[in-house]
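Chemist: Pasting a structure below so you can have a look.
A short reminder: the numbers here are calculations on the coordinates, not readings from a lab. The structure presented is a predicted model; accordingly, all values stated were derived computationally and were not measured. No Cβ is skipped: glycine too gets one built from the backbone with ideal geometry, and neighbour counts run over all protein chains shown.
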Amino acid sequence: MGEPELERYLHEHIPLSKAMAVEVVAADKDRVVLKAPLAPNINHRETLFGGSAVAIAILAAWSLVRLRLKGEGIGFRLVIRRNSMTYDLPVHGAFTARAFLDPAADWSRFVTMLKQYGMARIPAVAEIDYEGQVACRLTAEFVALSGATPATLAAYD
């Protein structure tokens, strides 16, 4: 799944991504980069709304794990289990969210656990970049579930 397909998927299945005017800049097994303008994501201080920041960061990280799992050819459902966001700098304009696996993540073990037990957890990170600086940082844990029925899996595809 390339950038246009991922963007279309997000806009069709996660309507908030369309309302936020999210664009997919890059999407491969190592990273997902999403871009959004400030206007639909602005707060009363004319900076990036914290809810929009965390939403786009979760979208980027979720998309990365989803793309990697689809590459493994495993039927799955993917949900976020927990997350934490730090806000270090205000964002006054268009921004990107860059997601990557947490350096401590063991993808091979994650896939093995998913195949063996039908459930596995993996940590991911997403950074909100603005004008060359990391303004916000998300750390998250996602849970993949396999062994669902084809009808259930179709609802999540």
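Chemist: Out of every Cα-Cα pair in the chain, what percent are more than 19 Å apart?
Modeler: 52
Chemist: Report the relative contact order of region 3-155, percent, no decimals, based on alpha-carbon pairs under 8 angstrom and at least 6 residues apart.
Modeler: Dividing the mean separation by the residue count of region 3-155 yields 24 percent.
Chemist: A further question on this structure: At most 11 other Cβ atoms within 10 Å and a DSSP loop assignment: could you name the GluC sites (Glu not before Pro) in region 1-48 that fit?
Modeler: Sparse-neighbourhood loop GluC sites (Glu not before Pro): GLU46.
Chemist: If I take all pairs of Cα atoms in region 46-132, what percentage of them are more than 21 Å from each other?
Modeler: 35
Chemist: Could you give me D for region 1-84, from Stokes-Einstein at 4 °C and 1.567 mPa s, where the hydrodynamic radius is the Kirkwood radius over C-alpha pairs? Units µm² s⁻¹, please.
Modeler: 96
Chemist: Now, a different point. For the chain, what are the DSSP H helices with axial Cα length of 18 Å or more and mean Kyte-Doolittle hydropathy of at least 0.0?
Modeler: 50-72
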